[in-house]
Amino acid sequence: GSPVKAAGAGTVAAVTKDTKGTPIIVIRHEGGLLTVYAGVDGLTVAKGDTVKRGQTIAVVRAGDPAFLHFEVRKGVESVDPMTYLQ
């Protein structure tokens, strides 16, 4: 139930679900970057929405253990998020 916040300003590029029906949010940022958030519930955004850095976009889905999958992509390649989060 912890809030999931956008890592940076951008536009919600996609809201989809994994094979188990768990929502996935993809946000498009400047410079060809995408952030991906999975393991979420209670979405507060939809495809096409503009988001600000730190805006709550969902909450962490309940589970044992509960977890958030966070990923930064440059194009189709996953990249180390620490470069962008520091």
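The values are calculated or read from the model by the stated rules, or taken from the named source; none is laboratory data. Model, not experiment: these values are computed from the prediction. In this analysis, Cβ positions are derived from the backbone assuming ideal geometry, glycine residues included, and neighbour counts consider all displayed protein chains. Protein only, heavy atoms only, side chains kept; ligands, DNA and RNA dropped before computing areas. Shrake-Rupley method; radii C 1.70, N 1.55, O 1.52, S 1.80 Å.
Here are some notes:
- Relative packing of peptides 53-63, 12-22 - highest average C-beta neighbours within 10 Å first: 53-63, 12-22
- Within the accessible area of the chain (1.4 Å probe), percent carbon and sulfur: 54
- From the Kirkwood radius over Cα pairs of the chain, Stokes-Einstein at 10 °C and 1.306 mPa s returns a whole-number translational diffusion coefficient of 123 µm²/s.
- The modelled label-to-label distance between Lys17 and Glu30, using points 7 Å beyond Cα along the C-beta direction, is 3.6 nm.
- Unit charges on C-beta of K, R, D, E only; dipole of the chain, Debye: 200
- The relative contact order of the chain, computed from alpha carbon pairs under 8 Å that lie at least 6 residues apart in sequence, is 33 percent.
- Cα-based reach from Lys5 at 18 Å (exclusive), listing aspartates and glutamates while leaving out same-chain residues under 8 positions away: Glu30, Asp41, Asp49, Glu71
- Highest-first arrangement of 69-81, 24-36, where packing means the average Cβ count within 10 Å: 24-36, 69-81
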